[in-house]
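Structure first, commentary second.
The values are calculated or read from the model by the stated rules, or taken from the named source; none is laboratory data. Only a predicted model underlies this, so the values are computations on that prediction, with no experimental measurement involved. FYI the Cβ positions are ideal-geometry reconstructions off the backbone, even for glycines, and counts take in every protein chain you see. Please note that ligands, DNA and RNA were not included when accessible areas were found on the heavy atoms of the full protein model with its side chains. Shrake-Rupley method; radii C 1.70, N 1.55, O 1.52, S 1.80 Å.
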Amino acid sequence: MLSAEKIQSNWERYLTEVKNNISEERSSILLPFLKKYEERFMMMPASSKNWHHSAFAGGYCDHVLRVLDCANALYTVWNNKGGNMDTYTIEEMRFAALFHDLGKMGQQEGEYYQPNDSQWHIDKLGQVYKFNTDIPAMKVPERSLFILQEIGCKVTQNEYITIKIHDGLYDDSNKFYFMSGQKETRLRTHLPLLMHQADHMAA
């Protein structure tokens, strides 16, 4: 659990990271959107079960900032070890970190996670939150990209692929990207690998 002070400081830092690391062209779209749903972003969890990561109030921002910190640290390591860092920009890496889980907000008109009203599910299965079935079913990475296009925020090809497949092989549909048997279909950048590792470390 996070204190009210920690939730507030995380939110303020999140907004600062967006302002400082994302171009004005895009931050001018993103910041008003984030502030419009400020209370939801501040309080929403990052997962539904208490044995998953950050399944508590304020968990979303806390997790995303951890991913950003891990990505920054991994960038230094990968750069020192000869990673192909020239295939993406620092902004692309930080954008992907900051918005890879945006879909966890749900739709603009409906939250993704709702407090569970079944004590049995909480006690027996650890399901602190339940999924909102009043909004369309969609994978989190795909909903993240949908929301970004919905509000008119452009993403680069690197950002699109990285956000889409950041769950790695936990999602079978990502095998095309991670298990290519020929050079023609291999990833052209290591950014999705770095981001998946950062997400895994942060969780």
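Distance between the 7 Å Cα→Cβ label points at residue 4 and residue 69: 2.4 nm.
Distance between the pseudo-spin-label points of residue 77 and residue 109 (7 Å out from Cα toward the beta carbon): 4.4 nm. Would you work out if region 1-76 is rounded, prolate or oblate? Take a ≥ b ≥ c from the square roots of the eigenvalues of the alpha-carbon gyration tensor; rounded if a/c is under 1.5, else prolate when a/b is larger than b/c, oblate otherwise. Oblate shape, in that a/c is at least 1.5 and b/c is the bigger or equal ratio. Charge dipole of region 75-203 (Cα centre as origin; +1 on each Lys and Arg Cβ, -1 on each Asp and Glu Cβ, all else neutral): 460 debye, rounded to the nearest 20. Only Lys, Arg, Asp and Glu count, each charged at its Cβ (+1, +1, -1, -1), so figure out the dipole size of region 20-134 about its Cα centre, rounded to 20 debye. I would put it at about 300 debye. Using only the Cα atoms of region 160-203, each taken as one equal point scatterer with no solvent, compute I(q) by the Debye sum, divide by I(0), and report log10 of the ratio at q = 0.17 Å⁻¹. Values returned for q = 0.17 Å⁻¹ are -0.43.
Multiplying the residue separation of residue 201 and residue 36 by 0.36 nm and subtracting their alpha-carbon distance yields 56.4 nm. For a straight C-alpha distance cut-off of 20 angstrom, the lysines reachable from residue 35 (same-chain residues fewer than eight places away being disregarded) are 6, 19, 104, 154. Here the convex hull built on the C-alpha positions of the chain has a volume of 132 cubic angstrom per residue. Over the residues of the chain, the helix contribution to mean residue ellipticity at 222 nm works out to -16500 deg cm²/dmol, using -39500 (n - 2.57) for each DSSP H run of at least 4.
Carbon and sulfur atoms: what percent of the 1.4 Å accessible area of the chain do they account for? Percent of accessible area from carbon and sulfur atoms in the chain: 52.
Here's the picture: charge each Lys and Arg Cβ at +1 and each Asp and Glu Cβ at -1 in region 105-193, and of 168, 181, 158 the one pushed furthest to the positive end of that dipole is 181. The dipole here belongs to region 1-85: it is taken about the Cα centre, uses +1 on the Cβ of Lys and Arg and -1 on the Cβ of Asp and Glu, and is about 200 debye.
Note on residue 180: accessible area approximately 30 square angstrom, rounded to 10, probe 1.4 Å, nucleic acids and ligands left out. The per residue volume of the convex hull around the alpha-carbon atoms of region 57-153 is 130 Å³.
If R₀ is 22 angstrom, what is the calculated FRET efficiency for the pair residue 23 and residue 85, using the beta carbon separation as r and rounding to 0.05? In this case the efficiency is close to 0.70. For region 125-170, the fraction of alpha-carbon pairs lying more than 11 Å apart is 74 percent, rounded to a whole number. Rolling a 1.4 Å probe over the heavy atoms of the protein chains gives region 109-203 an accessible area of 61 Å² per residue.
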